[in-house]
Amino acid sequence: MKLSKIREIIKEEYTILLTEQNYIYVDLAKKFAGILEPKVKRYYMDSVDDHNKKNPEKKIPYTIHQQSWSVKVKPGKKWIKIDVGQSGKYMLSTDTGNLHYIKGYGKPDLRKNFGNIQKIIKNKDNWWYDGYSISPKGSSGAYGYAGKIE
């Protein structure tokens, strides 16, 4: 059996476990990931540009950070994980729809609440990716948290 067929079967069986509310939040998480990924990519491209301007003799290509700017959504029953690059960054509660920063992979930091995912998506022009996390435009939070985005 081909690997792609096995993945398809696993995905079908896994999605049966999800509730209708989870589907809504998974869709919202994917929309958020679609908004976040270009912002992360822009951050890394700007950092490469800065490096290349400061060090013209040691230029680096944009592709050096290509793995770092991908944003992936991993659904779960209670939490939806949103990974940036190869690291966990955010967790979305399927009970409340609130987006949280993480303490460690699979562990949400409930004190670092960015607000409801629908409001964050709606206000997509009012926040940016600062290299660690999302933050309200014009601010930079310590360790990736600068407050709610509303």
Quick check on my filter: what residues within segment 18-42 are part of a helix (DSSP H, G or I) and modelled with pLDDT under 85? E20, Q21, N22, Y23
Inspect segment 44-62 for any residue being of a type in the set (S, T, N, Q) and at pLDDT 90 or above and give the result as yes or no. no
Checking the conditions here, which among P108, P61, P75 is within 20 Å of N22 (Cβ to Cβ) and touching a helix residue (DSSP H, G or I) at 6+ places or on another chain (Cβ under 8 Å)? P75
Show me the strands (runs of 3 or more DSSP E) found entirely inside segment 63-150 where at least 1 residues are at pLDDT below 80. 127-129, 134-136
How do the pairs read when you match residues in segment 37-59 that are surrounded by 10 or more Cβ atoms within 10 Å (Cβ to Cβ) with residues anywhere that are charged (D, E, K, R) and modelled with pLDDT under 85, using Cβ under 9 Å and keeping only pairs 6 or more apart or on different chains? Y43/D130
Scan segment 101-112 and tell me whether some residue there is touching a strand residue (DSSP E or B) at 6+ places or on another chain (Cβ under 7 Å), basic (K, R) and crowded, with 18+ Cβ neighbours inside 10 Å. yes
Could you tell me how many of the residues in segment 68-96 are under 13 Å from the mean Cα position of the chain (by Cα), surrounded by fewer than 11 Cβ atoms within 10 Å (Cβ to Cβ) and not small (G, A, S)? 1
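The values are calculated or read from the model by the stated rules, or taken from the named source; none is laboratory data. Bear in mind that the values here come from a model prediction, so they are computed numbers and not experimental data. Every residue, glycine among them, receives a Cβ derived from its backbone with ideal geometry; neighbour counts consider all protein chains shown.
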